[in-house]
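Data block below; observations after.
The values are calculated or read from the model by the stated rules, or taken from the named source; none is laboratory data. All values reported here derive from a predicted model rather than from experimental measurement. No Cβ is skipped: glycine too gets one built from the backbone with ideal geometry, and neighbour counts run over all protein chains shown. With ligands, DNA and RNA removed, areas are computed over all heavy atoms of the protein, side chains included. Shrake-Rupley method; radii C 1.70, N 1.55, O 1.52, S 1.80 Å.
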Amino acid sequence: MLKIKNLMAQIGNNQVLKGIDLGVAPGEIHAVMGPNGSGKSTLGKVLAGHPSFEVTAGEIFFDGKNLLELTADERARAGIFMGFQHPIEVPGVSNSQFLRLAYNKKAEGLGQDELDPLEFDDFIREKLKLVKMDPAFLDRSLNEGFSGGERKRNEILQMSVLEPKLAILDELDSGLDIDALKVLGEAVMTLMRPDRALLIITHFPRILETIKPDYIHVLFDGKFVARGGGELAFELEEKGYDWIQAKANPGDIDVHPGGLDG
Amino acid sequence: MAEIARAALHQTALSLPCPAFCGALRKRAEEEIHTKPLPTSDQEDWKYLDLSDVYSKTYGQASCGPSSYPATECLSPETARSRLHFVNGRLNSGLSDTTALPNNIHFSSLAQAAPGIIEHLGKLAWPDSIDTFANINTARFSDGALVYISSGHSLETPLHVVFHSDGAERGECPIMLPRILVVLEQGAKAYLVEEYSGSGKYLTSSVVEIILGEGASLRHDRIQRESCDAFHFCTLRANVAKSSAYSSTLISLGAAISRHNPQFTLKGEMSELELTGLSIINAAQTADMHSLIDHAAPNCVSGQLQKYIIGGSAHGIFNGQILVRQGAQQTNANQSSRNLLLSERARIDAKPQLEILADDVKCGHGATIGQLNQDELFYLQSRGLDMNSARNLLLAGFSAEVINRVALPSLRQALLQ
């Protein structure tokens, strides 16, 4: 589904990604972990097509399409969803208006019927239950005055509306209390299908108790320095990132091979 | 050369027919026209505004013939029976209907108003305190709208005044001189919608006077969608008495050059003023907002939010003056100017001006100038909205804060589209 080869990217003159290889197959859950500043969020943003980052080498293919030739909105319509670490406020744009527009753009791309406001209202109410969100949030401006947790809820609500093939969730757990994290983690798992995949970007292993990854990739200074199965999370929790850093000889630590063949 | 052109505009203006009513006021205005020159950008109050296009045209009288104006256009169903419709300066009785209003509400054309009421004209916009465009109006206006609500009456039905102008495609530009007088006596309450539209080339100079008695309350929505070839000058003077409230939204979309000069005097304690404004201009349009809020009494509150969306090589000007006089203690005044520039050649001159002579006040102001936020655009694009939809959604969001204040539902909906 997703194939990344030797990806390098920079922002300004700062080289952030220094040769990333990653493969994700349908039905798989991957986690990218790493200390702050390792390039985790950059990887997510580059996949989503953020214009501030320049890809200097490598390639990204998604469902056979060259992702680097697509704009951010084309990538979204192709089935990529980015759940942001810090979703921004868009004052004056109502949440429901935005969600319906996003849904209809996707439907239009798939040749499906668009939903009018009444039909969409029925549709969205089911989705609200999934993330346990108060319908009052629909009438408010997009993320305006939302707490960190409410914004994250809203991100997963958007994911449930768009039903992406590949969801990249950047630090879903930041700003969430334990209960909310459990609700959203379970919602994400409910949306998982054999033909869909997840890429979880996280500093802390806590989220991986609900969203259990098949593969974990550890990022350090713009490169993957270790890969393994789900159990690598516990090792990281116990030993911290220093353990990896000490051993860092980029790409060499294959605790369990995998994830490169998707 | 420029002076000759201005003299020609003077002359044309003074050759317009002079109605009989308000003789003394008109005479005074005429004296001012003879002594005071037309504005130019070397005067401090007119800095930034290039009026050479206005002075390069030749002017004439508005046509009295039948209008080509399609009567069904832009009309709000809520005001079908509480509307005065002026076409080329004259009341069009076919398009006007005030049958929804009770007898004790005076909502009529000025030419039909009782002489006692007419005497209020010019009290606020007195000839020596207004510019020459406004004095041309005062000396020669033929008609306009009167809103007079006597003490204690509260009117829920919105009052709608429409000024439509048929301009010229070539040759002389007609001069249009709309006028509005609003008098709300003690405790009276009303909602007024003021709207300008038109086609072709013409010059509008309108004067609006608003007198609010103690405890009175006026909601005032103003929509300027003149022809994009027109020139629009509007002078507004309002007196806000003790415990009264005035709130207004001005949406300015049309005209090649527009200039609004509203001045509000908070004359009595505990009065409130809320102004919101939005100008959306493109191509080579210029929109100038020159406002003054005069806090002349203690314990009053004023708020002003002015927004511009500027595209093409358009030019916005905002000069927002707030004066807090010496005795106006406990004043709470807030002003905000927010501006979006959509192209490299778009330009804004934003100048907030606070003059505070009292020592126990709360006053704040701020101005922002920027482009569409890249992170916001990316966020919307990352949800599948193409660049155009994302831009439009953000512009709609920026506008909505002002447009949502418009109280007439059909008008608000039409503007949000």
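Tabulated data
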quantity: Lys/Arg +1, Asp/Glu -1 at C-beta; chain B dipole; positive extreme among B:94, B:336, B:190; calculated: B:94
quantity: Cα centroid of region A:71-101 to Cα centroid of region B:313-378, whole Å; calculated: 31 Å
quantity: Dipole magnitude of region A:2-254, debye to nearest 20 (Cβ charges: Lys/Arg +1, Asp/Glu -1, about Cα centre); calculated: 360 debye
quantity: Peptide-level mean, for A:94-100, of C-beta atoms on other protein chains within 10 Å; calculated: 2
quantity: Nearest-20 debye value, the protein assembly as shown charge dipole, Cβ charges on Lys, Arg, Asp, Glu; calculated: 1000 debye
quantity: Listed residues A:26, A:81, B:41: farthest to the positive end of the dipole of the protein assembly as shown (Cβ charges); calculated: B:41
quantity: Proximal lysines relative to residue B:57, as straight alpha-carbon distance under 19 Å, when same-chain residues fewer than 8 apart are discounted; calculated: B:201
quantity: Cα→Cβ-extended label distance, 7 Å offset, between residue A:107 and residue B:357, nm; calculated: 6.2 nm
quantity: Chain A: antiparallel DSSP beta bridges as a percent of all, rounded to 5; calculated: 55 percent
quantity: Listed residue (B:356, B:366, B:392) projecting farthest to the positive dipole end of region B:329-398, Cβ model; calculated: B:392
quantity: Relative contact order (%) - criterion: Cα under 8 Å, at least six apart; region: chain A; calculated: 28 percent
quantity: Virtual spin-label span in nm between residue B:334 and residue B:151, 7 Å along Cα→Cβ; calculated: 3.6 nm
quantity: Residue-averaged beta-carbon neighbours from other chains (10 angstrom radius) around A:158-168; calculated: 1
quantity: Too-long pairs where the Cα-Cα distance tops 29 Å, listed order kept, from B:36/B:189; A:45/A:127; A:212/A:239; A:40/A:129; B:36/B:123; calculated: B:36/B:189; A:40/A:129
quantity: Per-residue mean of C-beta atoms belonging to partner chains within 10 Å, peptide B:384-397; calculated: 6
quantity: Whole-Å distance, taken between Cα centres, linking region A:150-218 and region B:80-142; calculated: 64 Å
quantity: Residue-averaged 222 nm ellipticity for the protein assembly as shown, from DSSP H runs of 4+ at -39500 (n - 2.57), nearest 500; calculated: -7500 deg cm²/dmol
quantity: Set of aspartates and glutamates near residue A:65 by C-alpha distance (under 16 Å), chain-local residues within fewer than 8 positions excluded; calculated: A:73, A:74
quantity: Packing-based ranking, highest mean first, of A:178-190, B:379-391 given that Cβ atoms within 10 Å are counted; calculated: B:379-391, A:178-190
quantity: Stretch in chain B that is longest and holds no GluC sites (Glu not before Pro) that DSSP places in a loop and that have at most 10 other beta carbons within 10 Å; calculated: B:170-343
quantity: Cut-off 10 Å between beta-carbons: net charge of the residues surrounding residue B:213, Lys and Arg +1, Asp and Glu -1; calculated: -1
quantity: Computed magnitude of the charge dipole of region B:330-403 (debye, nearest 20; Cβ of K, R +1, Cβ of D, E -1); calculated: 240 debye
quantity: Relative contact order of chain B, pairs being alpha-carbon contacts under 8 Å that are 6 or more residues apart, as %; calculated: 10 percent
quantity: Gyration tensor (alpha-carbon) shape descriptor, chain B, a/c threshold 1.5; calculated: rounded
quantity: Per residue, in Å², the accessible surface of chain B once ligands and nucleic acids are set aside, probe 1.4 Å; calculated: 39 Å²
